[in-house]
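> I'd like to ask some things about the structure below.
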Amino acid sequence: DTGVSQDPRHKITKRGQNVTFRCDPISEHNRLYWYRQTLGQGPEFLTYFQNEAQLEKSRLLSDRFSAERPKGSFSTLEIQRTEQGDSAMYLCASSPRDVEETQYFGPGTRLLVL
Amino acid sequence: AQTVTQSQPEMSVQEAETVTLSCTYDTSESDYYLFWYKQPPSRQMILVIRQEAYKQQNATENRFSVNFQKAAKSFSLKISDSQLGDAAMYFCAYVGLFNAGNNRKLIWGLGTSLAVNP
């Protein structure tokens with residue numbers, strides 16, 4: 001297992017379209033995080049899963065955003081009716097169970113909404 | 001609420017020289033972790049070094065070391081013998097250990113862009 005993977009790496013879409021991103025965490029990492037990063041900023045927390053349970057969602061995550069982690073493995077992040085303000089890098093990270101507090105990041109999905 | 005402040009938006013260093021990046025944080029918690037992550041242009045976030053708050057000894061990873069001053073809430077990163085490959089955005093991050101549901105969400109600074117001059 002080589003690390004956290006994300007797909008796609010880049011996505012260009014038109015305003016109003018729906019997009020879905022996928023994150024595959026490191027095997028046996030029970031914690032999974034989504035962050036959003038805009039140009040010149042640090043990442044901002046979006047949501048957190050422990051196994052399949054979504055335990056926290058940021059206020060940044062409007063009703064147009066939904067995330068799932070079926071079976072506690074991979075996760076998807078869907079944005080409905082995209083807006084230009086959704087343009088950002090979406091980062092996924094995973095960490096192991098109660099062993100250490102380090103999060104390992106994927107390469108990110110860069111979204112551009114035209 | 002916890003906050004992380006990086007007061008140096010940009011820094012530069014000559015190859016083989018030493019540079020120190022500053023980070024301060026604010027928290028009322030006593031137990032937490034601090035991290036430095038590196039993000040090269042168009043590449044993924046990579047962990048550089050981490051520090052457990054309960055440890056007084058400063059963490060070291062090869063050419064990277066930290067100066068952790070818990071009372072002052074300061075967590076600076078020193079890069080020795082700088083290399084061209086060290087050029088990147090460096091982020092300081094905090095995680096508290098007492099969030100609901102064991103949520104270890106990272107609180108990030110705005111980053112410091114480090115240029116390494118040959």
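> Relative to 2.2 N^0.38 Å, what does the C-alpha radius of gyration of region B:9-68 come to as a ratio? Two decimals please.
Compared with the compact-globule rule of thumb, region B:9-68 sits at 1.27.
> Compute the normalised compactness of region B:35-93: alpha-carbon radius of gyration over 2.2 N^0.38 Å, N being the residue count.
Computed over Cα atoms of region B:35-93, the ratio equals 1.15.
> Still on this structure: If you average over every viewing direction, what projected area does the convex hull of the Cα atoms of region A:1-104 give, in nm²?
In nm², the orientation-averaged hull projection of region A:1-104 is 6.7.
> Let me ask something else about it. Computed over the Cα atoms of the protein assembly as shown, what is the ratio Rg over Rh, Rh following Kirkwood?
Expressed as Rg/Rh, it is 0.97.
> Quick one: what do you get for region A:26-81 if you divide its Cα Rg by 2.2 N^0.38 Å?
1.15
> If you don't mind, there's one more thing I want to ask. Please report the net charge: other residues with Cβ closer than 12 Å to the Cβ of residue A:58, K and R +1, D and E -1.
Value of the local net charge: +2.
> Select from A:16, A:72, A:42 the residue whose mean-square fluctuation is largest in a Gaussian network model of chain A (Cα-Cα springs shorter than 10 Å).
A:42
> Which value, in nm² and rounded to one decimal, describes the direction-averaged projected area of the C-alpha convex hull of chain B?
7.3 nm²
> Could I ask something else about it? Return the FRET efficiency for the residue pair residue B:60, residue A:41: r is the Cβ-Cβ distance, R0 is 25 Å, and the value is rounded to the nearest 0.05.
My answer for the efficiency is 0.30.
> Please give, to one decimal in nm, the separation of the simple spin-label points placed at residue B:110 and residue B:10, each 7 Å out from Cα toward the Cβ.
1.4 nm
Taken together, the values in this text are just the output of simple stated rules run on the coordinates, not laboratory data. On a predicted model such as this, the values are computed, not experimentally measured, just so you know. Here Cβ is always computed from backbone atoms with ideal geometry, including for glycine, and neighbour counts include all displayed protein chains.
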